[in-house]
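The values are calculated or read from the model by the stated rules, or taken from the named source; none is laboratory data. All values derive from a computational prediction rather than experimental measurement. Positions of Cβ are backbone-derived with ideal geometry, glycine not excepted, and every protein chain shown enters the neighbour counts.
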Amino acid sequence: MKTVITGKNMVVSSGITERVMKKINKMERYLNPETEVLVRLIREKNNRRTCEITVPFDGVVLRAEASNEDNLYVCIDQALAKLEKQIHKHRTKLGQRLRSDAFASNELEFVEEVSFAEEEKLQVVRNKTFTVRPMSVDDATMQMELLGHSFFVFVNIDTDRTNVLYLRKDGDLGLLEPEA
């Protein structure tokens, strides 16, 4: 597998690289050898460590993120466990895109105990309609803050396209812009 490891506010040592590569190579049981895996390791100001793993393939993006107060190795293990749970949970949807022998065995590599039968299927419990009016990103930010929501859907006055403004975990804002 093609693995790209990057670090933000930290130096990725050879020991960390070896550990990540060793763990990522175990994911070959699910992913094809030519699959690209992006690993981003982050050290935040408060000494919190975060590991983000992104696997883009065949029009699907798998993503897992885990944080820990000061142990990067725990973050890596937790993120891989989350990724493995996603693959198992969505195995029928991902079936043709994963390796043909991905589920020859039902044993999980990174996850200790998981009961997939107990997981409930998500369902839509509320449907809401609203009017969307063109506005700038600044106006949408203000409107989102006034409503007290963590996201806001609006038509961007500059691009004339529907955008989603959302509050990120780090307290900053993110903007989703569709691409045709």
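Contact map, the stretch 5-22: first residue touching a residue at least 40 places away in the same chain (Cβ under 8 Å), second residue assigned to a helix (DSSP H, G or I), Cβ cut-off under 7 Å, separation 6 or more or different chains; pairs are 16/72; 19/73; 19/76; 20/76.
Restricting attention to the stretch 10-50 and to residues that are in a loop (DSSP other than H, G, I, E, B) and acidic (Asp, Glu), the residue that is nearest to residue 84 (Cα to Cα) turns out to be 34. For the stretch 127-180, taking the residues that are of a type in the set (Lys, Arg) and out of contact with any strand residue (DSSP E or B) (no Cβ under 6 Å at 6 or more places or on another chain), the one that is modelled with the highest pLDDT is identified as 161.
Residues of the stretch 122-138 that are in a helix (DSSP H, G or I) and among the aromatic types (Phe, Trp, Tyr): none at all.
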